[in-house]
Every structure is written in C-alpha cells, then in structure tokens.
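The values are calculated or read from the model by the stated rules, or taken from the named source; none is laboratory data. In this text, all values refer to a predicted model and were calculated from it rather than measured experimentally. Heads up, the Cβs are rebuilt from the backbone with ideal geometry, glycines too, and the neighbour counts pull from every protein chain shown.
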Amino acid sequence: MSLAKSCISALPAKVLFARQPEFRRRICAAARSHQYDAALINGSDMCWAIDALPPEIPTVLIAHNLEYQLLVQQLANFPFFSGIFKREIAKQRGYEIECFRRAEGVIFLSTIDMAWGCSQVPGLKALYVPPLFTEPRIPRKREPSAHLRLGLLADFAWWPNQQNWKWLVNDIMPKIRRPIAVHVFGRRSEQLASCDRVVAHGFVHNLLTVWDQVDFMICPVRRGAGVNIKLAESLYHRMPILATTHAIRGLDCQSGSGLAILDSAEEWVSFLDSPQADLLAAQSPSDELSRQFAVDRHVAKLENFMREAVVGR
C-alpha cells in the first residue's frame with residue numbers, strides 16, 4: 001500500500017510506511033508535554049517527524065544506512081517493477097539528501113555513507129561513530145574439535161541475509177573438502193534449509209551461546225547497506241572473523257591478526273581448506289581494533305558534537 005501511495009505522493013514508500021497517524025500524534029503529544037533541548041531522529045525514514053516537532057527544537061539525524069542503495073539492490077530482484085523502483089530510488093535518494101540539509105547535524109555509522117553525505121550537502125555537520133557496545137567483553141573459551149566450527153550470526157528475516165546465505169551454501173560449502181560445521185544463530189535461522197554441515201540454533205539471548213561453540217565467525221556478506229553490526233560486535237569481543245570486503249564496508253578495519261578478508265567463493269574455499277583457517281581460529285583481533293567499538297572511546301566527541309549542534313543552531 002505504501003508503494004502504491006508513493007506513486008501519488010512526494011514522499012517515498014519507506015517514509016509513508018513509517019509515518020502512521022497514531023505515531024505522529026504520539027510525537028506531537030510528547031513534544032508538547034516535555035521541554036526537550038533537542039530531538040534525535042533514528043533513521044532517515046523518520047525525518048518526517050521533524051514537521052511534527054515544535055520548530056524551536058533542533059534535530060540530529062542518526063543515519064544508519066543509505067536506504068536508496070538497498071532499493072538499487074532490490075531492483076535487480078524485481079525487473080518487472082523496474083519502472084516503479086527507479087522512481088522510488090530517485091525519490092528516496094532526494095529525500096535522504098533533504099533530510100541531511102534539514103538536520104542540525106548527522107551522525108553516520110559508516111565512513112563511506114558520511115563521505116557521500118558530505119559530497120551531496122557541502123558544509124554538512126557530520127560525525128562518524130561506529131556501532132558501540134557497553135557490556136564487558138566476553139572471554140573466549142575455545143575447546144579443541146576434530147572439525148572446523150564456523151559461526152554465523154544474522155537476522156534471516158532480512159532479505160540481504162537470505163541472499164548472503166544462499167551464496168555460502170551454494171557456492172562455497174559444497175566445495176570444501178575438510179570436515180566443517182556451520183553453526184547458525186539468529187532470528188529465523190531455524191527455518192533455513194538443513195544440510196549435514198549446518199547446525200541451526202535459532203534466536204539466542206546470550207552471546208556465550210555463540211562464542212563457546214565456534215572456532216571463528218564468518219560474515220559472507222555480499223548484499224545490504226550501512227554497516228555490519230554483527231561483525232562490529234564480534235570484533236568488539238575479539239572473536240576472529242572471516243569476512244568479505246562488503247562486510248567491513250564503512251568501518252575502519254583492515255585485514256590482519258584475527259580478521260581475514262576475502263571476496264570470491266574460490267578464495268573462501270581455498271582459505272577454509274588450508275592451514276590458514278586453523279591459524280585464524282587461534283588468533284584474536286587486536287585490542288586497538290576491538291576498542292574502536294567501545295563507548296568510552298567516542299563519548300567526548302559525541303558530547304561535543306551534540307552540544308555544537310544544539311547551541312550553534
């Protein structure tokens with residue numbers, strides 16, 4: 001319905017989906033009953049809320065990703081609707097640029113997205129803050145195993161993760177000669193097509209359930225926008241990872257101890273069949289790499305950014 005409404009609206013479908021009348025009334029009521037110094041807009045599809053707020057309240061946008069880029073990827077899956085999707089892509093792209101202009105500041109989770117935003121809006125007040133975690137890092141307890149145990153943590157209700165999974169099970173796993181097991185965790189992982197090398201755990205509430213059953217994590221990401229939260233979380237807890245370049249997109253990460261970055265299916269197969277995989281399992285990401293996802297590393301600059309955005313309006 002939102003996609004259909006978008007054909008006769010100036011707003012893109014993703015925004016129309018989020019802009020429900022009851023939600024808007026709740027925002028207006030909250031703004032009237034409290035004296036807020038500023039408002040944080042959580043994602044560009046919520047920028048319509050700026051018009052529901054009193055004009056004197058400054059707003060700061062948290063840009064999780066560039067939504068129009070996801071639409072570009074979806075276009076390839078639905079060629080029959082290419083005309084509609086192309087209009088949506090243009091509309092969504094323009095809408096996101098306008099959101100950047102209207103906000104007093106924009107917090108980006110991705111360095112690549114921030115560079116794009118600054119190129120589209122000269123003078124944009126922007127700050128890069130990667131995904132952050134507050135809990136104590138979980139000590140790793142790796143037990144010896146006769147086979148290589150790979151861990152994959154993802155929300156399989158999200159279509160890019162479904163595409164990434166198909167690449168792993170169709171192009172990589174059948175060609176690996178050594179004994180392996182892929183332990184899959186996350187929403188709807190229990191609904192994945194089963195095979196003798198896959199152990200599906202479903203949604204888990206405790207990361208210890210993940211870390212204690214695998215030798216290293218894998219991020220076979222080839223679709224999706226923004227940053228990979230699960231990869232950042234694994235690095236924060238100093239879990240070794242095999243990932244694609246797309247998986248580390250927008251994060252300040254480079255291949256090194258505890259982090260192997262490979263892109264083609266052939267490279268993944270060769271790596272997993274080699275002693276390099278055993279070496280990765282014995283490593284940990286550096287403390288410096290891990291700490292870039294710790295809250296205390298970013299508190300001061302985040303406070304200064306918010307203060308300047310609010311006071312400098």
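Let's see how each residue does on (1) part of a helix (DSSP H, G or I); (2) touching an Asp or Glu at 6+ places or on another chain (Cβ under 6 Å):
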position: Lys14; (1), (2): yes, yes
position: Arg25; (1), (2): yes, no
position: Asp45; (1), (2): yes, no
position: Pro55; (1), (2): no, no
position: Asn65; (1), (2): no, no
position: Gln74; (1), (2): yes, no
Please count how many residues of segment 169-199 are exposed (fewer than 14 other Cβ atoms within 10 Å of the Cβ) and without any contact (Cβ under 8 Å) to a residue 40 or more places away in the chain. 8
Please name all residue pairs, on different chains or six or more residues apart, with Cβ atoms under 9 Å, provided the first residue is in segment 239-250 and is in contact (Cβ under 8 Å) with a residue 40 or more places away in the chain and the second residue is of a type in the set (Ser, Thr, Tyr) and in a loop (DSSP other than H, G, I, E, B). Met239/Ser284; Pro240/Ser257; Pro240/Ser284; Arg249/Ser110; Gly250/Ser110
Is there a residue being over 29 Å from Pro139 (Cα atoms) and of a type outside the set (A, V, I, L, M) anywhere in segment 242-259? no
Helices (runs of 4 or more DSSP H) wholly in segment 122-236 with at least 1 residues that are at pLDDT 90 or above - which ones? 159-167, 229-236
Considering only segment 264-275, state which residues are in a loop (DSSP other than H, G, I, E, B) and exposed (fewer than 14 other Cβ atoms within 10 Å of the Cβ). Ser264, Ser274
Suppose the filter is assigned by TED's automatic domain parsing to the domain that holds Ser44, over 28 Å from Ala294 (Cβ atoms) and out of contact with any Ser or Thr (no Cβ under 8 Å at 6 or more places or on another chain); does Gly123 pass it? yes
So Ser119 ticks every box in (1) at pLDDT below 95; (2) more than 14 Å from the chain's Cα centre (by Cα) but one. Which box is left unticked? (1)
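Would you mind finding the one in Asp155, Asp113 that is closer than 25 Å to Ile248 by Cβ, buried (at least 18 other Cβ atoms within 10 Å of the Cβ), in contact (Cβ under 8 Å) with a residue 24 or more places away in the chain and not basic (Lys, Arg)?
Asp113
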Where the second residue is surrounded by 15 or more Cβ atoms within 10 Å (Cβ to Cβ) and of a type in the set (S, T, N, Q) and the first is closer than 19 Å to Cys99 by Cβ and free of Cβ contacts under 8 Å to residues at least 60 places away in the same chain and lies in segment 2-22, which pairs have Cβ atoms under 7 Å and are six or more apart or on separate chains? Leu16/Ser2; Leu16/Ser6; Phe17/Ser2
Any idea which of (1) within 20 Å of Ala4 (Cα to Cα); (2) in contact with a Lys or Arg (Cβ under 8 Å, 6 or more places away or on another chain); (3) not hydrophobic (A, V, I, L, M, F, W, C) is the one Glu104 doesn't satisfy? (1)
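Select from segment 1-16 the residues that are surrounded by 15 or more Cβ atoms within 10 Å (Cβ to Cβ) and in contact with a helix residue (DSSP H, G or I) (Cβ under 6 Å, 6 or more places away or on another chain) and list them in ascending order. Break it down into steps so the answer makes sense when it comes.
First, pick out the residues of segment 1-16 that are surrounded by 15 or more Cβ atoms within 10 Å (Cβ to Cβ): 2-3, 6, 11-16.
Correct list: Ser2, Leu3, Ser6, Pro12, Ala13, Lys14, Val15, Leu16.
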Considering only residues that are under 24 Å from Asp212 (Cβ atoms) and touching an Asp or Glu at 6+ places or on another chain (Cβ under 8 Å), look in segment 281-297 and name the one that is surrounded by the fewest Cβ atoms within 10 Å (Cβ to Cβ). Ala281
